[in-house]
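Presented below is the structure to which this report refers.
No value in this document is a laboratory result; all are computed from the given coordinates. In this text the structure is predicted, and so the values were computed from the model without any measurement. Cβ placement follows ideal geometry from the backbone for every residue including glycine, while neighbour counts extend to all protein chains displayed.
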Amino acid sequence: MNLAEFREMINEMAEEYPDAEVIIAKDGEGNVYSPLDSCSIGMYLPENTWYGSFVTEEENEENEDDDSEEYEENAIVLWPMN
């Protein structure tokens with residue numbers, strides 16, 4: 001899902017449930033849930049089709065001064081409270 005699709009989905013829900021708390025699931029099976037705490041922009045680096053790593057915008061900016069690879073931001077991460 002891209003950010004525009006996410007925005008459309010959220011906007012539709014916000015029309016009917018503007019005061020609903022945002023909760024995120026730990027996994028696709030719904031084993032654990034946590035309130036949304038924050039989000040970050042950065043670069044998603046897939047290792048396969050179901051997981052990968054993430055470099056935040058801040059980490060990417062820190063790498064500008066050394067020989068580390070610099071990434072273009074292409075993803076957001078939603079961070080759980082717990």
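Couplings 3J(HN,Hα) of the stretch 36-48, computed from phi: 5, 9, 6, 9, 9, 9, x, 10, 8, 10, x, 9, 7 Hz, in residue order, whole Hz [Karplus 6.51 cos²θ - 1.76 cosθ + 1.60, θ = phi - 60°; x for Gly and Pro].
Using Cβ point charges alone (K and R +1, D and E -1), the dipole size of the chain about the Cα centre works out to roughly 640 debye.
Taking Lys and Arg as +1 and Asp and Glu as -1, the other residues whose beta-carbon sits under 11 Å from that of Pro80 total 0. The list (i) 1.03; (ii) 0.99; (iii) 1.43 gives values of Rg/Rh (Cα atoms, Kirkwood Rh), and only one came from this structure; which label was calculated from it? Among (i) 1.03; (ii) 0.99; (iii) 1.43, the one derived from this structure is (i). Note on Glu12/Val32: beta-carbon distance plugged into 1/(1 + (r/R0)^6) with R0 of 25 Å gives a FRET efficiency of 0.45.
Over all other residues within a Cβ to Cβ distance under 9 Å of Ile41, the charged ones net out to -2, with Lys and Arg as +1 and Asp and Glu as -1.
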